[in-house]
Amino acid sequence: MTTGVALGLVLAVVLTLGSQKDPVTASDPGPLPMAPRLPAPKDSGPTPTVPAPTREQLDKQPWMHKLAPGEKPPQFVLFSFDGAVSKQHWDKVLPIAKAKNAHVTGLLSGVYMLADQDRNQYQPPAGLKRGVSDIQFGGSRQDIAARIGYLNQVIADGHEIGTHYNGHFCSGGTQPSVDKWDNAAWNAELQQFRQIVDRSRAAGLTLPADAVRGGRTPCLEGNWDQAFPAMAANGLVYDTSKVALGVQWPTVQNGLYEFPMPEVRVPALGKQVVMMDFNLWYALNQAKDEPHRAPEFTRIVFDTYRSVHQAALNGNRAPIVVGNHFNEWNGSAFSNAMEQFLEYVCDKPETVCATYTEVIQWMQLQDPAVLDQLRRMPAARNWQ
């Protein structure tokens, strides 16, 4: 069973890559307004692991410890950004994160680390033509060099880099799309991603070889029975592509931790929506560009984020996944809401803005019986 259905939603997205004066326009099929919720697979598989926290981490992160009897877990908030190469957006996120002692996760699209003239180094899987990508490539070689420089700052600040795979082939775009890929295709795509990152590392990227530990699939799509074994075989330990009703604790599925995207209530609309920027935009006005409504949309989205945080904090304390793209949609309404929420929430009492790896490190410190108890708690919903 796949999570994707025909989208028919192709959005012109302006992605500022290496040079702020030369934005690259790409065709980015957005995710569904309501992604399907699938039952967990029967095979949980072995529990994956990540390196234990370092002594430096333990000194800087007092919340990184085994819970005492009766102690509540921190309220983790996971900010994650698909694509993850816009300097103008990192320039806004990094100072806020540093001021609030927050860490975030950038989910890198591999093709953005390939210059346009080097596009034929990418061979998409499943019989697709060499040098094809539905989100274009990374601009000039000078753009790539500059990108490596500012991504090194992201890494130095303690943020995580994961994968958003490469060519972004959604069901509304070039075929065969990711929802139709078999295990061999997913293996090939991940191997291509690793090769692109290896070449970037040779050019100066400081991302450690084992640092990419998970990701999100294009448009939240994929046949999980085919994709998850390939992810695990290529060293990934988490995925954050599936959708859950409300905020739920990660579970192990086919050998990976699944951090689901929550489907939440938008109070201003009185409807349930997958809590990702494009989905929220579509729910508000079918993703029409109405920049004069940017302040209204920013307020609605910020209020939604805040209500979800309150529901989880007072409920099961499950990690909240805040999914975003670096974008200027609708007068930057959604980027503004995300930045405001990042500044608002990350130093709230008992709240920690962390990376996926940091949350897994924390879970590894806990008694398995405690984690099982947390997972059995009702999902946190902001409409109760």
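The values are calculated or read from the model by the stated rules, or taken from the named source; none is laboratory data. Everything numeric here is computed off the predicted structure, so don't read it as measured data. Note that we place each Cβ from the backbone using ideal geometry, even for glycine, and neighbour counts take in every protein chain shown. What goes into the accessible areas is simple: the full protein's heavy atoms, side chains included, and nothing from ligands, DNA or RNA. Shrake-Rupley method; radii C 1.70, N 1.55, O 1.52, S 1.80 Å.
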**Item:** the chain: calculated mean residue ellipticity at 222 nm from DSSP helix runs of at least 4, using -39500 (n - 2.57)
**Value:** -10500 deg cm²/dmol
**Prompt:** Roughly what % of DSSP beta bridges within the range 178-264 run antiparallel, to the nearest 5?
**Reply:** 30
**Complete:** Quick calc: nm separation of the 7 Å Cα→Cβ label points for Asn234 and Thr49 -> 2.4
**Asked** Under a point spin-label approximation (7 Å from Cα along Cα-to-Cβ), what is the Ala209-Ala99 distance to one decimal in nm?
**Response** 4.0
**Item:** Rg [Å, one decimal], Dmax [Å, integer] - the range 213-364, C-alpha atoms
**Value:** 15.9, 47
**Item:** Exceeding the 29 Å Cα-Cα cut-off - candidates Lys98/Lys288; Lys92/Lys288; Lys66/Lys98; Lys60/Lys87; Lys87/Lys288; Lys72/Lys92
**Value:** Lys98/Lys288; Lys72/Lys92
**Request:** In nm, give the distance between the simple-model label positions of Asp347 and Asp303, each being 7 Å from the Cα along the Cα-to-Cβ direction.
**Result:** 2.7
**Prompt:** Which of Ala244, Ala202, Ala52 moves the most in a Gaussian network model of the chain with Cα springs under 10 Å?
**Reply:** Ala202
**Where the chain is the region considered: accessible area per residue in Å², 1.4 Å probe** = 38
**Fill in**
Taking only the alpha-carbon atoms of the range 78-226, the convex hull volume per residue, in cubic angstrom, is 106
**Prompt:** Counting DSSP beta bridges in the chain, what percent are antiparallel, to the nearest 5?
**Reply:** 35
**For a label point 7 Å along the Cα-to-beta-carbon line of Leu269, residues of the range 329-347 with backbone N under 19 Å** = 329-339, 341
**Item:** Relative contact order (%) - the chain, alpha-carbon pairs under 8 angstrom, separation at least six
**Value:** 24
**Message:** Going by amide H atoms built from the backbone, whose H comes under 5 Å of the H on Phe76, apart from near neighbours?
**Reply:** Ile320, Val352
**Prompt:** Efficiency by 1/(1 + (r/R0)^6): what FRET value for Glu56 and Gln310, r their Cβ-Cβ distance, R0 = 25 Å, to the nearest 0.05?
**Reply:** 0.15
**Message:** Report the gain in length on full extension from Met377 to Val132: 0.36 nm times residue separation, minus Cα-Cα distance, nm rounded to one decimal.
**Reply:** 83.7 nm
**Asked** Between Asn152 and Asn285, 0.36 nm times their residue separation minus their Cα-Cα distance comes to what?
**Response** 44.1 nm
**Message:** Looking only at the range 243-364, where both bridge partners belong to it, what percent of the DSSP beta bridges are antiparallel (to the nearest 5)?
**Reply:** 65
**Ranked by how many other beta carbons lie within 10 Å on average, peptides 216-225, 336-345, 367-376 from highest** = 216-225, 336-345, 367-376
**Request:** Provide the three semi-axes, in whole Å and in decreasing order, of the ellipsoid equivalent to the chain as defined by the square roots of 5 times the Cα gyration tensor eigenvalues.
**Result:** 29, 24, 22
